[in-house]
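Please read the structure below before turning to the comments.
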Amino acid sequence: MSGRRILHLRAELPAEPDAELPERLRRLLEDITPRVQMVEPDVAVLDLTGSLLYWKRDARALTEVVQMRALAHLGLHTAAGCAGNRMLAAMACALTAPDRHTIIDDSPEAITAFLSRRPVRELPGVGTKTASALAEYGLHTVGDVADVPQLTLQRILGARAGRALHEHAHGRDTAAVDPTPTPATISTEHRFVRDELAPAAHRRALLALAEDLGTRLRTSGQIATGLTCTIHYADHSATRRSRTLPEATQHTVLLARTAYAIYTSLGLQRARVRGIALRADALRPDDRATRQLTLDAGDDKPLAIESVADRARARYGRQMLYPAALAINSRTGMPSTGDRPVVEQPRPEGVLRMTRSRREAGPPPRGE
C-alpha cells in the first residue's frame, strides 16, 4: 500500500460562529501538518503522512491530538475519519459521531471490510441515476460492484464513469490534499426542531436557505458559480452534493432551482433529516456576471419582484417581504427556518407576500 495517512475532520460550528473561527481552526491544524486543505468552513482535510514521524505517534494517536486541540483551544467538537486516501477518510468521517473517530488501517483486508457492505450510493460520483442503473443489475453495495469486472461496469455506465467506479469500489483514490486557499464561500444552515421526515418541509427549508443566500450575495455585491447542499441525518451521518450553476448568479429563484435539483437527485425516502445546509461556492464580484438570453419573458418576472423586495427590505426590514411559501401558518404556528417563518403548504416560487401586524395594518379595506 501507499503508506499515506489522510485525516478528514468535520467540526460542529456554533449556530452563529465567530467570522474568524474557520481561520483559527486552519491555523491550529497547520501546527500539526502544513498540508491542510479547508474544504469548507467546518471541514478540513489533512495529510498526516509526513507528520507521523515528527510527532512520534501513529495515525490514531495523532488524530486524537487534533481533536483534543480543537476542543481545548476552540471549543469545537469534531468527528474524524483517517485512512489511506481522501475518499476513504471522507466516507469514514461521514459515519462518525462528534467527539469520535474512525480509523481504517492501510491494508487490503481492512479496506475491503469497511467498504464491502456500504451502500453503493456512498461512493463519490454515484447519484440517484447511477445507483438505479446499478440496482437493475443487482448491484446494491460496494462489495457487489467490486466483484464486477471493470469492462462490465463500463458497458453499464460508460467508459469514464465505469472506470472511476471500479477504482473507488476497490478503495483506490489518487486525489491529493491541496493546501492552496479555496475560493470564498458563504453558507447558511437550518436545524429542524425535531427530526423531519416530510419532503415538503425539506423543500421549504431549502427555499428559505436559498432566499437567505441570495439576499446576502446581492447585499455584498457577489455572485456564486456553484452550490453545495449538505443533509444532516438523525444518526449524525451526512450527505453532501455539489453542483455547478448553469450561470453564475445571485438570484434566489435560480439558487432555489439548483438546490431543489440537488435534493431530488439524492432520492431521499422517509429520511430522518436533522438539518440542511446550503453553501454558495467560488464567489466573485457581480460586475463579472453574465446572463443567458432566453425567449421566455416569464423568467424575468421573479427577478423583477426580487429587486422590489430588496428595496423594501432595505427600507422596512427583512421581514417585510418574503416568498409566500415561507409565510407563517396561523393554524399550526410552525417554527421559522433561520429568520424566515414556515407554512404548512408551499405556494408557487417567486410569489412574494407583504405582512404587517394587525396593530400596524389596522382593519382590512372593504373588498379584501
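The values are calculated or read from the model by the stated rules, or taken from the named source; none is laboratory data. Values in this document were obtained by computation on a predicted structure and should not be read as measured data. Using ideal geometry, Cβ is built from the backbone for each residue, glycine included, and neighbour counts are taken over all protein chains shown. In case anyone asks, the SASA skips ligands and DNA or RNA and just uses the protein heavy atoms, side chains included. Shrake-Rupley method; radii C 1.70, N 1.55, O 1.52, S 1.80 Å.
Brief remarks follow.
- Calculated FRET efficiency for the pair E167/Y233, C-beta based, R₀ 30 Å, to 0.05: 0.65
- Within the shell defined by Cβ-Cβ distances under 9 Å, the residues around S265 carry a net charge of +3, with Lys and Arg each +1 and Asp and Glu each -1.
- Within-12-Å neighbourhood charge of L52 [Cβ basis; K, R +1; D, E -1]: +2
- In the context of the full set of protein chains, segment 110-246 has a per residue accessible area of 50 Å² (1.4 Å probe).
- Under 13 Å, Cβ to Cβ, from H77 - net charge with Lys/Arg +1 and Asp/Glu -1: 0
- Distance between the pseudo-spin-label points of H140 and D178 (7 Å out from Cα toward the beta carbon): 3.8 nm.
- Full extension of the chain between Q269 and A133 gives 47.2 nm of extra length, using 0.36 nm per residue less the Cα-Cα distance.
- In this structure segment 1-85 gives 48 Å² per residue of accessible area when probed at 1.4 Å with all protein chains present.
- Sparse-neighbourhood loop sites, trypsin sites (Lys or Arg not before Pro) in segment 66-128 - DSSP loop, at most 14 other Cβ within 10 angstrom: R117
- Surface share of carbon and sulfur [accessible, 1.4 angstrom probe, percent] for segment 91-233: 53
- Radius of gyration, Dmax [segment 102-150; alpha carbons; angstrom]: 11.5, 33
- Of the solvent-accessible surface of segment 32-75, computed with a 1.4 Å probe and all protein chains present, 57% belongs to carbon and sulfur.
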